[in-house]
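The values are calculated or read from the model by the stated rules, or taken from the named source; none is laboratory data. Fair warning: this is a prediction, and the values are worked out from it, not measured in the lab. For neighbour counting, all protein chains shown are included, and Cβ atoms are generated from backbone atoms with ideal geometry for every residue, glycine included. Only protein heavy atoms, including side chains, enter the accessible area calculation; ligands, DNA and RNA are left aside. Shrake-Rupley method; radii C 1.70, N 1.55, O 1.52, S 1.80 Å.
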Amino acid sequence: MLPIIFQANNNLNKTAIFCDGEQYSYAQLVNESGYLASTLLDKDIDLKEERIAFMVNPGFNYVKTLWAIWQAGGIAVPLCITHPLPSLAYVLEDTSASVLVLSKEYLPVLQPYIHEANIKVIIVEEQSNKLVPVHLPNIDLSRSALILYTSGTTNKPKGVVTTHQNIIAQITTLINAWEYSDKDNTICVLPLHHVHGIINVVCCSLWAGASCTFVPQFAPKKIFELFSSNAINVFMAVPTIYFKLMTYLEAITLQEQAELKECMRKFRLMVCGSAALPVSVMERWEQYSGQRLLERYGMTELGMAISNPYDGERKAGYVGIPLPGVSIKLVNEQQEEVALGEPGEIIVSGKNVFLEYWQKPEATKETFTKEGWFKTGDIAVIENGYYRIMGRSSVDIIKSGGYKISALEIEEVLREHENIADCAVVGIPNDEWGELIVATLVLNEIEQIDEKALNNWLVQKMAAYKKPRKYLILKELPRNAMGKVVKNEVKKLFE
Ligand code: MCA
Ligand code: AMP
């Protein structure tokens, strides 16, 4: 039996999930995921790492599908529920997924792909629970379990493959470090195609026997209503979300602020990560909520790697110290460890580290040192025992709203536009979003471009959160003597 199901069996009568006004016990999760696993197996005895993609709304059906895929021996490929067809088709084709599990409402968006690819479709709401569960296979924990897509310094996102063992290491490290327990009640406001939502919130809660409340979309009013009901005691989010929650708090009366502070003060834990938490946001949040945020550092390829302590000083501007079981070194370009106090690239080793980039052996090889340490591309320094993230080695990776976005991917799409001869995309600092995506354009034949029309065109091709928020039209891009675009000069143009 998979360890996560074994854990659930210890809590069968407890509520695991609140969503859509309903509540679901661990027994329902175990039973119904077992039924869905038998549907997926379809008389087979083991899916043997077949890729099963799913586009299912956050909530009971999402977890049921994830657990069903794992129990049937498949690799789970969660799709982003807000992506347009080309981004979804890229993932489906790249993984050559054989089955697609859907919430009914996503059928129309995927219909053109389903029609062409002849992929098997299962509508999750239409699954019968009357089936007799078949015998489920024994899954060796070294087998691959999950593929999540991450943007990097290449123009197309890469599939990050983690094994069951990697996921278990990522979960159990956090359970111990952050003292998750079956008394916790967490809330999931994050998208479920990334580690932050899937592992830190959902899998950790359900491993610990806690309850997890799902909200369909991020909406400050709804979140504060849930906070006020005293039904939540653990909250995790990206800096942009804390920023947006404070914008909401600023607009309500002092009396209402005080009442919410009283509720939030009782929380056991509030965590922030996925992007740098500005010191000002951390300090203001503490004033509003009475909670000192615990900032941590992670990556799709690693789960969480460095964390401020649960007990002990949570230092503003620092991500803390390596989590137990995670080894970290800071190295120079020759892969030699730097002296204490010197900045270096973070490299990581441990059971939490992913297996490979899906069907990209060269990219996988390049990202590990000869000794097998994963090279993150993030630069850090140790000061008074705590790690401080100083930035990334590539300007082409942008972090906006907690999402990692490749400038090269956006540029490639922009260049497909008939009126765009050339372009350069960069991220510029922004209090709310961390970085704001902006673009300089060199136009073909026309003097100006209709930005609204351009953005409408773009979001047919890529996720809306990747679209540039400002444009600047240039006669030519700033280039160096080698003809390469100088991204730091591009950034200055937006100052
Ligand atoms: C949306 N808008 C933006 C951006 N995104 N404006 C500037 N920059 C952006 N990046 C605008 C929209 O155009 C819209 O404007 C308005 O904001 C609301 O858009 P909507 O999509 O509804 O935004 P939202 O729902 O408020 O979303 C904000 C969000 C979301 C909740 C912060 O971005 C989010 O869920 N981020 C979390 C991502 C995440 O989980 N990352 C973890 C990956 P208008 O109203 O004018 O149309 S990293 C990870 O997993 C690693 C392991 C780690 O360390 O955690
Ligand atoms: P992703 O590839 O989407 O998993 O994003 C991982 C990246 O997010 C890391 O490589 C860092 O650049 C960034 N990141 C995550 N947590 C933090 C943090 N607390 N401070 C600064 N950057 C962070």
_Just checking: which of the helices (runs of 4 or more DSSP H) contained wholly in the range 200-309 hold 2 or more residues that are out of contact with any strand residue (DSSP E or B) (no Cβ under 6 Å at 6 or more places or on another chain) and open to solvent by 30 Å² or more (accessible area, probe 1.4 Å)?_
220-228, 239-250, 254-265, 279-289
*Among the residues of the range 445-469, how many are under 17 Å from E409 (Cα atoms), of a type in the set (K, R), open to solvent by 60 Å² or more (accessible area, probe 1.4 Å) and not in a loop (DSSP other than H, G, I, E, B)?*
0
*Taking only pairs six or more apart or across chains, which ones have beta-carbon atoms under 8 Å, a first residue in the range 401-418 that is free of Cβ contacts under 8 Å to residues at least 40 places away in the same chain and under 22 Å from G298 (Cβ atoms), and a second residue that is part of a helix (DSSP H, G or I) and within 10 Å of ligand 2 (Cβ to nearest atom)?*
none
*Out of the residues in the range 384-395 that are of a type outside the set (G, A, S) and modelled with pLDDT of 95 or more, which is most open to solvent (accessible area, probe 1.4 Å)?*
N384
*Members of the range 46-96 that are open to solvent by 10 Å² or more (accessible area, probe 1.4 Å) and in contact with a Pro (Cβ under 6 Å, 6 or more places away or on another chain)*: D46
*Those residues of the range 99-122 which are more than 23 Å from Q460 (Cβ to Cβ) and either surrounded by 15 or more Cβ atoms within 10 Å (Cβ to Cβ) or within 22 Å of the chain's Cα centre (by Cα) (or both), in sequence order*: V99, V101, I122
_Scope the range 76-89; condition more than 16 Å from ligand 2 (Cβ to nearest atom) and part of a helix (DSSP H, G or I); matching residues_ = L85, P86, L88, A89
_Among the numbered criteria (1) within 16 Å of ligand 1 (Cβ to nearest atom); (2) open to solvent by 40 Å² or more (accessible area, probe 1.4 Å), which one does I410 miss?_
(2)
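Out of the residues in the range 477-495 meeting the condition of being aliphatic (A, V, I, L, M) and either in contact with a Lys or Arg (Cβ under 6 Å, 6 or more places away or on another chain) or not in a helix (DSSP H, G or I) (or both), tell me which one is most open to solvent (accessible area, probe 1.4 Å). Working first, answer last.
So in the range 477-495, the residues aliphatic (A, V, I, L, M) come out as 477, 481-482, 485-486, 490, 493.
From the residues that got through so far, the ones that are either in contact with a Lys or Arg (Cβ under 6 Å, 6 or more places away or on another chain) or not in a helix (DSSP H, G or I) (or both) too are 477, 481-482, 485-486.
Values: L477: 10, A481: 114, M482: 168, V485: 35, V486: 45 Å².
By that ranking, first place goes to M482.
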_Close pairs (6 angstrom Cβ cut-off, 6 or more residues apart or separate chains): closer than 23 Å to E432 by Cβ in the range 454-482, assigned to a helix (DSSP H, G or I) and away from ligand 2 (no atom under 16 Å from the Cβ) anywhere_ = M462/V413; K467/N455; K467/L458; Y471/E451; L472/L493
*Please state which of the following conditions S144 fails to meet, knowing it meets all the rest: (1) out of contact with any Asp or Glu (no Cβ under 8 Å at 6 or more places or on another chain); (2) among the small types (G, A, S); (3) more than 16 Å from ligand 2 (Cβ to nearest atom).*
(1)
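What number of residues in the range 71-105 are acidic (D, E) and more than 20 Å from E49 (Cβ to Cβ)? I'd like the intermediate steps shown before the answer.
Narrowing the range 71-105 to residues acidic (D, E): 93-94, 105.
After this cut, where a residue has to be more than 20 Å from E49 (Cβ to Cβ) as well, the list is 105.
Qualifying residue count for the region: 1.
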*For the range 322-342, indicate whether the set of residues that are among the small types (G, A, S), modelled with pLDDT of 95 or more, in contact with a helix residue (DSSP H, G or I) (Cβ under 6 Å, 6 or more places away or on another chain) and open to solvent by 20 Å² or more (accessible area, probe 1.4 Å) is non-empty.*
yes
_Please verify whether G152 is modelled with pLDDT of 95 or more, within 16 Å of ligand 2 (Cβ to nearest atom) and either more than 17 Å from the chain's Cα centre (by Cα) or not charged (D, E, K, R) (or both), treating the condition exactly as stated._
no
*Determine whether the range 221-243 contains at least one residue that is within 16 Å of ligand 2 (Cβ to nearest atom), in contact (Cβ under 8 Å) with a residue 40 or more places away in the chain and more than 26 Å from C203 (Cα to Cα).*
no
*Filter the range 424-472 for residues that are within 14 Å of ligand 1 (Cβ to nearest atom) and hydroxyl-bearing (S, T, Y) and give the result.*
Y465, Y471
*Y180 passes all but one of (1) within 16 Å of ligand 2 (Cβ to nearest atom); (2) surrounded by 22 or more Cβ atoms within 10 Å (Cβ to Cβ); (3) over 25 Å from C80 (Cβ atoms); which number fails?*
(1)
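Can K14 be described as surrounded by fewer than 16 Cβ atoms within 10 Å (Cβ to Cβ) and at pLDDT below 95? So that I can check it myself, show each step before the final result.
On the way: surrounded by fewer than 16 Cβ atoms within 10 Å (Cβ to Cβ): yes; at pLDDT below 95: no.
Taking the combined requirement at face value, the residue does not satisfy it.
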